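So the structure is just underneath, and the comments pick up after that.
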Amino acid sequence: MKVLMVDIDKCTGCRACEYACSFAHDGEFNPLNSRIHISEFLDDFVFVPTYCTQCDEAYCMDVCPTKALTRSQSGVVELDYDKCIGCKQCVIACPWGNIKLSSDAKRVIKCDLCGGEPECVRVCHAGALEFVDVEDAVLGKQIRAAANIKRSAVAGV
Amino acid sequence: MIAIIGGSIAAFYAYKTIKELDKTIDVKVFSKEDRQPYAKMVLPYLISGNRDAFFEIEEDDILMNCEVKAIDTKAKTITTPMGLYSYERLIIAAGADAYIPQYEGDYDGFLFGVRYLKDIEAMREKLRRAGLRHIVILGAGLVSLEMAHAFVKLGFSVSVIASSNRILSQILPKEASVVVQRQIESLYPVKFYTSNDVEVIYKTNDGVNIRLKNGEHLDADFVVVGKGVKPNIEFLDGAIQTNSGIVVDDYLRATDDVFAVGDIAESTDAVWGDKRLHAIWPVAIAQAKVAAKNAAGLNIETQPEVSRNILPIFDMDIFSGGDSVALDGDAVVSNDDGFRMVVVKDGILRGFCMVGRPINYGGLVRLVRDRTRIDRYDISDLLFGNV
């Protein structure tokens, strides 16, 4: 299974992902309608992209009274607008604020991983966003951690 | 056997959670209804059309038309129309029924609560043959206004009779009620009668005639009552300690091997610090999952809950949580964009209510529930949801 991964150290806060996301879904460049959101912490010059993690035990899916939110075979929590009654229970339920209302407040919007080819990843020039297999992501982290330990060992710390 | 009393969403989620933990555990759901569980919060939406709001329990595991009449916590048995059943653990999710006052007059078959699918089905039957195309709703709470909106969408006009001095009095301060009432009355065929009540209701050739306390007469196709709910605790008959509902500890336990969840449970409140009924959809689901795990042998503690409501009606969102009428604390109000109010006491956000355009819903609820100190936020950030 592939997941969206973020390396906060690499994010430059350029917001290309937000523009790409809203354009891919709604045909307009409107960061307010982006499913991915960059929070700026300018004091420390840190940028944190947040997006739907497609939780295993998805709060939004649990509270949906009409089963408009379901999990697809590839593990994505998808919203069926034909079934959605707009009660917004999912918006309140999500602890991370990653399922939200569109800027005109008419619809609930959430990340659908663009059907398997996330636009945000495609436009991320900094390489902060990756769409990778879970196993590869973990392996990559293990190797990076091992490299750090090796550096310390070589330095004799 | 783990027995679950109830046939709504809490019963369904308790069942589902146990089966997901271990599908070999024997679970039986005792429902007084004649059908599978469905989403009660969708009922007003069903006035104007069908929605998939059913949640399926394995046929062998649900006993329908099977209202539990009594429980015996010593013998660990429940009495039902289909006989006596023994349980090892019991989860009570019997919910709450609509409170329907008795009025003077004769209106049999023309007055409906909003609690069961059969209520909606009966109303839809009447709506099809309605000649007056006017509905009277008693009570001006959340369900009443959702129903009013549903009737308006079908082209009906609505009169709403509130005994209190304002609409949505349980969740909104006077100032916000006025904003909501003005918005609805100026744009939709809805008229509110506040500080008023029903004197007598009589059947007529076309429907019913309602005489109000102020002497006015209203003709309507039928009457809907939305005056709150009361927990279904009668069948317990002292077998378990009850207050308004069943008082539970932080593990949702009422007494040994007996748990209570959903609209019938009185659990710890994050704002008031006491035990109270929360009786809202997301709390019922969250509690059902925890009680199910605890009934299956785990030991999971719940966090205090906070009452909150989101009401998307008449082209606005009404969002409230915690102490949303400023009973205790300092209210800060902004009229810059709809109506917004936050209630703060001792550096902690106790409640809020917002009318108009939506903001960061989840964030505010979380701040209230977690008793977060709000020193690091500007009041305007709280009012406009930048949290």
Amide H contacts under 5 Å for B:E199, restricted to residues at least 5 apart in sequence or on another chain and with H modeled in the peptide plane, are B:R211, B:L212, B:K213
Note on the range A:1-97: contact order normalised by length, alpha-carbon pairs under 8 Å, 6 or more apart, percent, works out to 20
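May I ask which of A:K88/B:K40; B:K126/B:K203; B:K32/B:K69; B:K23/B:K293; A:K67/B:K227; A:K106/B:K153 have a Cα-Cα span longer than 19 Å here?
Exceeds cut-off: A:K67/B:K227.
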Amide H neighbours of B:Y193 at under 5 Å, excluding residues fewer than 5 places away on the same chain, with H built from the backbone geometry, are B:V160, B:I161, B:A162
For A:K2, the aspartates and glutamates lying under 13 Å Cα to Cα, once residues fewer than eight places off in the same chain are dropped, come out as A:D112, A:E117, A:E130, A:D133, A:E135, A:D136
Taking Rh as the Kirkwood radius computed over alpha-carbon pairs of chain B and applying Stokes-Einstein at 37 °C with viscosity 0.692 mPa s, one gets a diffusion coefficient in µm² s⁻¹ of 148
Along the range B:32-47, Karplus-curve 3J(HN,Hα) (6.51, -1.76, 1.60; θ = phi - 60°) to the nearest Hz, with x for Gly and Pro, reads 7, 8, 9, 8, 5, x, 9, 7, 5, 5, 8, 3, x, 6, 7, 4
Projected onto their principal axes, the Cα atoms of the range B:249-387 stretch, largest extent first, over whole-Å spans of 52, 35, 23
Cα-only Rg/Rh for the protein assembly as shown with Kirkwood Rh rounds to 1.00
Length-normalised contact order of the range B:59-177, Cα under 8 Å, at least 6 apart, in percent, tallies to 13
Note: B:360-370 gets an average of partner chain Cβ contacts (10 Å, Cβ to Cβ) equal to 4
Here, chain A modelled as identical Cα point scatterers in vacuum has Debye log10 I(q)/I(0) at q = 0.08, 0.10, 0.13, 0.20 Å⁻¹ of -0.28, -0.42, -0.67, -1.33
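For peptide B:184-192, how many partner chain Cβ atoms fall within 10 Å of a residue's Cβ, on average?
Working: counts 0, 0, 0, 0, 0, 0, 0, 0, 0.
Partner-chain Cβ atoms within 10 Å, mean over residues of B:184-192: 0.
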Counting sequence-distant residues (5 or more places) and residues on other chains, those with an amide H built under 5 Å from that of B:I62 are B:V29
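Kindly state, to the nearest 0.05, the FRET efficiency for A:S39 paired with A:S72, given R0 = 41 Å and r defined as their beta-carbon distance.
Details: r = 28 Å, r/R0 = 0.68.
Plugging the Cβ-Cβ distance into 1/(1 + (r/R0)^6) gives 0.90.
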Simple SL model, points at 7 angstrom along Cα→Cβ for A:R151 and B:K118; separation in nm is 7.1
Output field shielding_mean for A:56-65 (other chain Cβ, 10 Å radius) holds 4
Rounded to whole angstrom, the alpha-carbon centroid of the range B:197-247 lies from that of the range B:72-141 at a distance of 11
Taking the dipole of the range B:1-159 about the Cα centre (Lys, Arg +1; Asp, Glu -1; charges at Cβ), the one of B:V114, B:A93, B:C66 that reaches farthest to the positive side is B:V114
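Nearest-5 percent of antiparallel DSSP beta bridges in chain B?
Numbers: 51 of 85 bridges.
For chain B, the DSSP antiparallel bridge percentage is about 60.
A short reminder: the numbers here are calculations on the coordinates, not readings from a lab. Worth saying up front: this structure is predicted, and the values here are computed from it rather than measured. Cβ sites come from the backbone with ideal geometry, for glycine too, and all protein chains shown count toward neighbours.
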